[in-house]
Amino acid sequence: MFIALCGKPSVGKSTFFKASTLADVKIANYPFTTLKSSEGMAFVKIDCIDKEFNTRCNPQHGYCVDSKRFVPIKLVDIPGLIEGSHKGLGMGNEFLNDITQADALIHVIDVSGSTNEKGEEVEKGSYNPSNDIKFLETELDLWYHNILMKVWKTFARKAEMGNINFSEAVARQFSGLKVKEEQVKKVLQELNLSEKPSSWDDKQIMGFASALRKESKPMIIAANKIDTEKGRVNYEKLRAKFPNLSIVPCSADSELALREAAKAKLIDYVPGDKDFKIIGKVNDSENEKFSGSESLKNTQKLSGKQKQALDKIRETVLEKFEYGTGVQQILNSAVFDLLNYIAIFPASANKLGDSKGNILPDCFLLPKGSTALDFAYFLHTDFGENFIKAIDARTKRALGKAYELKHRDALEIITR
């Protein structure tokens, strides 16, 4: 699972990345702070099944807090893209290449309107963030279009002569971007294009490239810096202007502050929750500055100002928006809504632990529609080839290879 953070410079991508992974990355309010992609481990959040079995799990990958299971995914912070990136401007080719293996994209925008098209700081509200949505979609569409046009005439001619399968040939051309033949066929059917590609005009070719990009690289919009007056106003305007896009309000800086405070054992906070509990001592005489981009590793107790800052996050973000800071919701939406993945637990009906005594040590993400046999092959080729049946750990019911997996299923694979 590979999710890429993208967008123009200075919109908070690195802050979002650090808030999601707590990786040590450079954060600054000037363009092109990030000059090389950063990879880290982020997590999607689901309800664990441990309570159902009256036990407590100890995951070997990810973690679990109060029966909230966090399943790891790969998150990559792509350096800022600018207009003309599809032509190679601003190291655009290199940065776009970092997106090729992404399963989905998170487009981070500055919804407060305080950074212009170059990522330069401007007066809050003076820039229209809707321009950023249109800009990135255009750059990505032109990127796909350029790849397609390199071989278009040959494809169209050979397809009409019956020398190649058009869908298969397009998928092969875009194989480096993880485009599948089924996705090409779906786009062709939805657009209802002529069976003779050579008859397509420039508008139809661009429409095909755009639709293929949306199908193979689905995207969610992270409306960052929502915790400003202009941010809230602009967010509502964006929802009205782009009703078909998934746009989630977020405050990456607030999430970073909460996660670092929790790591420093100053507060109890589970990512994605709507509140936190202060557990550290508060010293009103201290006057330390506190912000989401400032490390709390060496802080032993909260100053009065730090507590005020946390209280402000609660008041202006957590209590204001449905998904709290929005960061966890965006990660979850990318995996479970855009990509339609589900979480599956390998678990025996009689023994929930592995050979080392770890209880419910694993939880895996599979595409919706996967079967018990798919799961067996996912675990190990030998399991798939020697599959006899699966056992539902909850009901102890035997399941055949064609059984379609459901979210949070717990299965044991029986082999010969």
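Brief remarks on what is shown
- Length gained on full extension, Glu319 to Val282: 11.1 nm, using 0.36 nm per residue less the C-alpha separation.
- Cβ crowding within 10 Å averaged over residues, with 320-326, 7-13 ranked highest first: 7-13, 320-326
- When only alpha carbons of the range 228-280 are considered, Rg and Dmax amount to 14.9, 44 Å.
- Distance histogram for the range 342-415 (every C-alpha pair counted, 10 angstrom bins, percent rounded to whole numbers): 22, 58, 20, 0
- Peptides 244-257, 328-341, 226-239, ordered by how many other C-beta atoms sit within 10 Å of their residues on average, highest first, read 244-257, 328-341, 226-239.
- Of all the options Ala104, Ala42, Ala309, the one that moves most in a Gaussian network model of the chain with Cα springs shorter than 10 angstrom is Ala309.
- Sequence ranges 180-188, 50-58, ranked by mean other-Cβ count within 10 angstrom, highest first: 180-188, 50-58
- Between Asp275 and Phe242, the simple label model (points 7 Å from Cα in the Cβ direction) yields a spacing of 3.4 nm.
- In the frame of its principal axes, the range 134-288 has Cα extents of 81, 30, 23 Å, reported largest first.
- Sites Ser194 and Gln101 - FRET efficiency at Förster radius 25 Å, r taken between beta-carbons, to 0.05: 0.20
- Shape descriptor for the range 105-195: Rg over Rh equals 1.17 (Cα atoms; Rh from the Kirkwood inverse mean 1/r).
- Beyond 19 Å in Cα-Cα separation lie the following of the pairs Lys13/Lys320; Lys225/Lys274; Lys68/Lys277: Lys13/Lys320.
- For the range 168-259, the fraction of alpha-carbon pairs lying more than 19 Å apart is 57 percent, rounded to a whole number.
- Near the amide H of Tyr63, within less than 5 Å, lie the amide hydrogens of Phe70, all on another chain or at least 5 residues away, with H placed in the peptide plane.
- Footprinting exposure proxy for Thr371, Thr21 (fewest neighbouring C-beta atoms within 10 Å first): Thr371, Thr21
- Alpha-carbon centroid distance for the pair the range 328-342 / the range 101-173, whole angstrom: 21
- Charge context of Ala159, other residues only, Cβ under 14 angstrom, K/R +1, D/E -1: +2
- Computed log10 I(q)/I(0) for the chain at 0.07, 0.09, 0.11, 0.12 Å⁻¹: -0.40, -0.65, -0.93, -1.06, from the Debye equation with unit scatterers placed on every C-alpha and solvent omitted.
Throughout, read-outs are computed from the coordinates displayed, never taken from laboratory work. Remember, predicted model here, so these are calculated numbers, not experimental data. With ideal geometry, Cβ positions are generated from the backbone for all residues, glycine too; neighbour counts draw on all protein chains shown.
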